[in-house]
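Beneath this line is the structure, given in structure tokens, with notes to follow.
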Amino acid sequence: MVAMDYEPDAAGQESYILCADCGTVISSANGAGLCVGCLRNTVDITEGIPKEATLNFCRGCERFLSPPQTWVTAQPESRELLAICLKKIARPLMKVRLIDASFIWTEPHSRRIKIKVTIQKEVLANTVLQQTFELLLVVHTGQCPQCTRLAAKNTWKASVQVRQKVTHKRTFLWLEQLILKHNAHKDTININEKRDGLDFFYSERNNAIKMVEFLAGVVPVRSKASEQLISSDTHSNTSNYKFTYSVEIVPVCKDDLVCLPRNQARAWGNISPLTICSRVGNTVHLLDPMTLQQTDVTAPVYWRQPFDSLATVTDLVEFIVLDVEPSGPVRGKYVLADAQVTRSSSSNNNTDDDGMGDDGIFHTRTHLGGILQPGDTVLGYHLTNANFNNDAFDSFDQDRIPDVILVKKTYPNRRKKSKPRNWKLRSIAKEAEDVAEGGNTLGRGALGRKGGVDQRNVERDYELFLRDLEEDKEMRAAVNLYKANQEAKEADDEDDDVGMGETTKKSGSGMKGGKRRTGVNGGTGEMQVDEDMGEGTDADDEEEEDFPEIDINELLEHFEEMDMEDATEEVQ
């Protein structure tokens, strides 16, 4: 028997061959029979992938076009910009495997972007080739569709016309702050001021619908939509429309005096017909100051049976509180009390049936029992000799009409102090059409405070709005207040109020810029905000201790002025 030695199988041993082109020793497992260098010279895995492309950039909004129709804001050499660049070759990249991509530095002014791209692809069986190439993108500047519509006049697709048929702008001043806080104006391309309201213009219909829904959530409104055919294509069955949304705000404002029809008052909880509007949100809150009974009127209910205000804040008269005594009922912040008041000033021309003049003592019930003290000054409606052209008021029992209805407390001594406010409000820049000048005069500013419609009245309304913010914490909590810098405070000593235009130097009020408020206007007895120069502060006038100072913690930092700088155009 012959012994045989074991010999291992030759198939388990690695063998080598020579490259078919250059003769380099390579593994026999290489099915191509070529080394890596020769394989790259023979096969190009980047074939079919473009090495140059164009990138669209909008100079107006500084955004890049992300295919197919999206415009995106991207910083230089950012991940967002890299993604936009790779989308230019997205379809050819689907055939290979993307390994890496990075920017190559170029001159910023060259309008060229270079990207180093590394890809892999299987060229033969068990042979994967990796290759790197440069992608050059040329930046082409132009305008996006939104900037094109903005540059061309009257090229909007949808508009929202907001109107309120009242004689003041306080509602729109309040609405402006709500829009700013919720950033509801971000998609607006233009804002125009009209006599009774504002017009918002949008490039898309959906943005206008969002604004209408926002307005319906913060104020009681009714809206109506209409459309106008601009052009149509019978071949493709497409049409171009302009959409208009008309929004009307309820013409009842905070602190207004309202007289409801008798049947309407009974249906709304049997409330007294003579009420005051305590607050306006998405509903109108009516309060009976004699019983503290309240009712909420929603927008649909109001427009089914609309009613107007009997008197507004311009009809308020100053009274001095002589005595106040709480009478028991308390509802939230309202405390029912019996009060004795007298006019702070009078003309002494009118005499009542008892032979007493306007400075007589009036007994009334009020809802302000929690904040009034003897000696305080309060604003109210004087109804003793009032004459209103209102059917509901005429049908109301005259014996039940009080002489005075108190509305809110005021602080005349503090208002006389020349102390600037330590806070500011932001404003929206827009164009204002001055109807008094024939409808052709345009001014820059926010809500007419810089050359808008009836500037003096808007300045008065703006000052009253600032006072309401100071005196009402609930109202102040719904808006953003910003800290005023030191330069603004010094300017306020010489200039007018925040965003209220430029006037000459004035001094001695509480309203920054020399405005002071007189309690009675001659014989009419209406509250006014005068433009006259203040007469200084008497030494005997003591500042109210309970003046509603705004806490510094309520103010926000980093105030950014949003007003567009006034375009100073000189008429030659």
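The values are calculated or read from the model by the stated rules, or taken from the named source; none is laboratory data. Every value quoted in this text rests on a predicted model; they were computed, and no experiment measured them. Don't worry about glycine lacking a Cβ; one is built from the backbone with ideal geometry, like all the others, and counts go over all protein chains shown. Only protein heavy atoms, including side chains, enter the accessible area calculation; ligands, DNA and RNA are left aside. Shrake-Rupley method; radii C 1.70, N 1.55, O 1.52, S 1.80 Å.
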Taking the alpha-carbon centre of each part, the distance from segment 99-149 to segment 34-83 in Å is 3 Å
Surpassing 19 Å at the alpha-carbon level, of the pairs Lys333/Lys419; Lys157/Lys224; Lys165/Lys333; Lys165/Lys254; Lys169/Lys194, are Lys333/Lys419; Lys165/Lys333
Applied in sequence order to segment 117-124, the curve 6.51 cos²θ - 1.76 cosθ + 1.60 (Karplus, θ = phi - 60°) yields integer Hz couplings, x standing for Gly and Pro, of 10, 10, 10, 10, 7, 7, 8, 10
Long-range amide H partners of Tyr334, meaning residues 5 or more apart or on another chain whose placed amide H is closer than 5 Å, are none
Whole-percent carbon and sulfur contribution to the accessible surface of segment 221-289 (1.4 Å, no ligands, DNA or RNA) stands at 42 percent
Within the under-10-Å Cβ sphere about Val247, not counting Val247, Lys/Arg +1 and Asp/Glu -1 give a net charge of +2
In Å, the C-alpha Rg and Dmax of segment 288-339 are 15.2, 43
Note, segment 326-338: 3J(HN,Hα) by Karplus (6.51, -1.76, 1.60, θ = phi - 60°), whole Hz, Gly/Pro = x, goes x, 10, x, x, 9, 9, x, 7, 8, 10, 6, 8, 8
For Cys19, the residues 5 or more places away or on another chain with a placed amide H closer than 5 Å to its own amide H are Thr24, Val25, Ile26
Listed by chain and number, the residues whose amide H is under 5 Å from that of Val407, excluding neighbours fewer than 5 places away on the same chain and using placed H, are Leu379, Gly380, Tyr381
The FRET efficiency for Glu471 and His182, from their Cβ-Cβ distance with R0 = 22 Å and rounded to 0.05, is 0.40
The answer for segment 360-415, accessible area per residue at 1.4 Å probe in Å², is 45 Å²
Here the Cα Rg-to-2.2 N^0.38 Å ratio for segment 49-146 is 1.19
Karplus ³J(HN,Hα) for segment 52-58 (6.51 cos²θ - 1.76 cosθ + 1.60, θ = phi - 60°; Hz, whole; x = Gly/Pro) runs 9, 7, 10, 10, 8, 10, 8
